[in-house]
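The values are calculated or read from the model by the stated rules, or taken from the named source; none is laboratory data. Everything quoted here is computed from the prediction, not taken from an experiment. So basically every Cβ, Gly included, is an ideal-geometry build from the backbone, and we count neighbours across all protein chains shown.
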Amino acid sequence: MNLVLNLLIGIGLSAASGFRVFIPLLIMSISALSGDLILAENFEWIGSYSALSVFIVATIIEAAAYYLPAIDEFLEKISKPATMVAGTIIMSSFIVDLSPMLGWVLAIIAGGGTSALVNEQRLESKKNSITANTINLKSLLFSTREICSAASLSLLMMLAPITSFLVFFVIVVLLIKQIF
């Protein structure tokens, strides 16, 4: 059961990284420092004070940058590989008691794949909803929604993993409906 729960939390936090890269890592760091989260052996650095400082600064910069149109466009271009790396790291930090090969394959497919899927849906939703006439206002609203989605999904995954995994699926379904 512990492995399944770890996998659910890892997948959920990887999905949250599809919205914003650093928010799930920040919440993981806070949870690890408070003793509520035990990370895999090689990923204990996420729960260090230096990592917490880096994640705080990175989260603030990332959140602010998405509100600036020129930087927003650049970040959209690099978001897919960045979210895939973050999703893989997040998932890897939850995989314990598995062979290294199986763990990395699972982390890349489940963690990186989930974050890439959510990121792609997010980009499609934004592209289909924003027109030249509404670019500033809707872009700001989308950025706020994405920050709130990443933060709430990350917090839910840490507090109530099974319930939040169901919430994650509802969010994905809503994003897919919005695209089509």
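When segment 73-87 is filtered for residues that are over 11 Å from the mean Cα position of the chain (by Cα) and either more than 17 Å from P24 (Cβ to Cβ) or hydrophobic (A, V, I, L, M, F, W, C) (or both), the ones remaining, listed by number, are E73, F74, L75, E76, K77, I78.
Among the residues of segment 74-90, is any exposed (fewer than 13 other Cβ atoms within 10 Å of the Cβ) and β-branched (V, I, T)? So far as segment 74-90 goes, yes, one or more of its residues are exposed (fewer than 13 other Cβ atoms within 10 Å of the Cβ) and β-branched (V, I, T). None of L106, L98 is on the phi < 0 side of the Ramachandran plot, outside any helix (DSSP H, G or I) and touching a residue at least 12 places away in the same chain (Cβ under 8 Å) except L98. Filtered by the rule that a residue be outside any helix (DSSP H, G or I) and of a type in the set (D, E), segment 1-46 gives a lone residue, D36. Taking the criterion of being over 15 Å from A15 (Cβ atoms), of a type in the set (G, A, S) and out of contact with any helix residue (DSSP H, G or I) (no Cβ under 6 Å at 6 or more places or on another chain), the residues of segment 64-105 that qualify are A64, A70, S99, G103. The single condition from (1) crowded, with 21+ Cβ neighbours inside 10 Å; (2) of a type outside the set (D, E, K, R); (3) touching a Gly at 6+ places or on another chain (Cβ under 7 Å) that I46 fails is (3). Taken residue by residue, segment 111-118 has no member that is under 21 Å from A150 (Cα atoms), at pLDDT 95 or above and surrounded by fewer than 16 Cβ atoms within 10 Å (Cβ to Cβ). From the list L26, L37, L7, the lone residue that is under 21 Å from S164 (Cα atoms), modelled with pLDDT of 95 or more and crowded, with 16+ Cβ neighbours inside 10 Å is L26. Residues of segment 47-71 that are farther than 23 Å from T114 by Cβ, part of a helix (DSSP H, G or I) and in contact (Cβ under 8 Å) with a residue 40 or more places away in the chain: P69 alone. Examine segment 150-159 for a residue that is under 16 Å from A16 (Cβ atoms), of a type in the set (S, T, Y), free of Cβ contacts under 8 Å to residues at least 60 places away in the same chain and out of contact with any helix residue (DSSP H, G or I) (no Cβ under 9 Å at 6 or more places or on another chain), and state whether such a residue exists. Looking for residues that are under 16 Å from A16 (Cβ atoms), of a type in the set (S, T, Y), free of Cβ contacts under 8 Å to residues at least 60 places away in the same chain and out of contact with any helix residue (DSSP H, G or I) (no Cβ under 9 Å at 6 or more places or on another chain), one finds none in segment 150-159, hence no.
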